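Chemist: Starting off with a structure, shown below.
FYI, it's all coordinate maths here, none of it is from the lab. Owing to the predicted nature of the structure, the values given are computational and were not obtained by experimental measurement. Here the Cβ positions follow ideal geometry from the backbone for every residue, glycine too, while neighbour counts run over all protein chains shown.
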Amino acid sequence: MPNHDIERLKNLLGTHPDFPKKGIVFKDLFPIFQDPTAVESLISNIVHHISSTYEEKIDAVVGLDARGFLLGPLVALRLGAAFVPVRKEGKLPGECASAVYEKEYGQDVFEMQKDAVKPNARVIVIDDLIATGGSAGAAGELVRKCGAKTVEYVFVMELEFLNGTQKLDAPTYSLIKL
């Protein structure tokens, strides 16, 4: 992605100090979605990266609750892949696999429907931001529990100083490093 596109996306991000609690600076992806050209640039970059990096077909895009739900279906559609949501505990019907993870401000549980990702599927995990790596790592654990393989973790933003990518079991791609 050209540097001016990344700078444009960076400039569109909202910044909210002390949210959701004191000491955390929240980077908000939602302002990008107010600009259709910026959304197109964002999704096109991600799809181009995946398509040019991996020759084999991607079978599923796993999006994390909740901002991964904005990105995942758009990317999955363009890749000709399934979209699979990972949600907070108790939000999905049917039999679910679960994984506990630590966040920078507490503990949580993610779930994914067991039959949503097929065994041996090639999966991309996508979310807006990687901080400590807890939620993305839990999504990777859910993919493994379904017998599938995470090919790559994709993020719009990465908080590099937290080293969250080191906790993941596959390569990562982040458009914006903060």
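Chemist: With springs only between Cα atoms under 10 Å apart, run a GNM on the chain and tell me which of LYS22, LYS57, LYS91 wobbles the most.
Modeler: Highest fluctuation among the options: LYS22.
Chemist: Compare GLY140, GLY90, GLY63 in a GNM of the chain, Cα atoms joined below 10 Å, and give the one with the largest fluctuation.
Modeler: Between GLY140, GLY90, GLY63, it is GLY90 that shows the largest mean-square fluctuation.
Chemist: Can you tell me which of 23-35, 69-81 comes out highest on packing, and rank the rest after it, using the mean Cβ neighbours within 10 Å?
Modeler: Taking the mean over residues of other Cβ atoms within 10 Å, the ranking is 69-81, 23-35.
Chemist: On full extension of the chain, what length is gained from ALA66 through VAL100, given 0.36 nm per residue of separation minus the C-alpha to C-alpha distance?
Modeler: Going from the current span to full extension adds 10.6 nm.
Chemist: Compute and list, largest first, the equivalent-ellipsoid semi-axes of the chain from the alpha carbon gyration tensor, each √(5λ) rounded to a whole angstrom.
Modeler: With the √(5λ) rule applied to the chain, the semi-axes are 24, 21, 14 Å.
Chemist: Could you work out which residue, out of TYR101, TYR153, TYR54, moves most in a Gaussian network model of the chain, that is, has the largest mean-square fluctuation with Cα springs under 10 Å?
Modeler: Among TYR101, TYR153, TYR54, the largest mean-square fluctuation in the Gaussian network model of the chain belongs to TYR54.
Chemist: Please report, ordered by residue number, every helix of the chain (full DSSP H runs) that is 20 Å or longer along its axis going by C-alpha atoms and whose mean Kyte-Doolittle hydropathy reaches -0.5.
Modeler: 36-53
Chemist: How much length is gained if the chain between ILE24 and GLN107 is pulled fully straight, taking 0.36 nm per residue apart and subtracting their Cα-Cα distance, in nm to one decimal?
Modeler: Numbers: separation 83, 0.36 × 83 = 29.88 nm, distance 1.57 nm.
Working it through step by step, the gained length comes to 28.3 nm.
Chemist: Go through segment 58-66 residue by residue and turn each phi into a ³J(HN,Hα) via Karplus (6.51, -1.76, 1.60, θ = phi - 60°); whole Hz please, and just put x for glycine and proline.
Modeler: 8, 8, 8, 10, 9, x, 8, 4, 10
Chemist: Could you derive backbone 3J(HN,Hα) for segment 19-28 from the dihedral phi with the Karplus parameters 6.51, -1.76 and 1.60 (θ = phi - 60°), listing whole Hz in sequence and x where the residue is Gly or Pro?
Modeler: Using θ = phi - 60°, the values come out as 10, x, 8, 3, x, 9, 9, 8, 9, 9 Hz.
Chemist: Provide the per-residue ³J(HN,Hα) series for segment 158-168, in order, calculated from phi with Karplus coefficients 6.51, -1.76, 1.60 and θ = phi - 60°, each as a whole number of Hz, with x at glycine and proline positions.
Modeler: 10, 8, 4, 5, 8, 6, x, 5, 5, 8, 9
Chemist: In addition: For the chain, what does the helix formula give at 222 nm: sum of -39500 (n - 2.57) over DSSP H segments with n ≥ 4, over the residue count, nearest 500 deg cm²/dmol?
Modeler: -9500 deg cm²/dmol
Chemist: For VAL84, which sequence-distant residues (separation of 5 or more, or a different chain) have an amide H within less than 5 Å of its own amide H, given hydrogens modelled in the peptide plane?
Modeler: Correct list: VAL61, VAL62, GLY63.
Chemist: Sort 11-17, 106-112 by packing, meaning the average of other beta carbons within 10 Å per residue, with the highest value first. Before the final figure, lay out the partial values.
Modeler: Numbers: 11-17: 12.7, 106-112: 17.1.
Ranking, from highest mean packing down: 106-112, 11-17.
Chemist: Which value, in debye to the nearest 20, describes the size of the charge dipole of the chain about its Cα centre when Lys and Arg Cβ atoms bear +1, Asp and Glu Cβ atoms bear -1, and nothing else is charged?
Modeler: Once rounded to the nearest 20, the dipole reads 180 debye.
Chemist: Give the distance, in whole Å, between the Cα centre of segment 1-79 and the Cα centre of segment 150-166.
Modeler: Computed from Cα coordinates, the inter-centre distance equals 13 Å.
Chemist: A further question follows. Please give the peptides 127-136, 40-49 ranked by average Cβ packing (other Cβ atoms within 10 Å per residue), highest first, as a rough proxy for protection.
Modeler: By packing density, highest mean first, the sequence is 127-136, 40-49.
Chemist: So, one more: If each residue of separation counts as 0.36 nm, what is the full-extension length gain between THR37 and LYS167 once their alpha-carbon separation is subtracted? If you can, show how the numbers build up before the last one.
Modeler: Numbers: separation 130, 0.36 × 130 = 46.80 nm, distance 3.33 nm.
Gain on stretching THR37 to LYS167: 43.5 nm.
Chemist: While we're here: What share of the DSSP beta bridges in the chain is antiparallel, in percent to the nearest 5?
Modeler: On the way: 14 of 36 bridges.
That works out to approximately 40 percent antiparallel.
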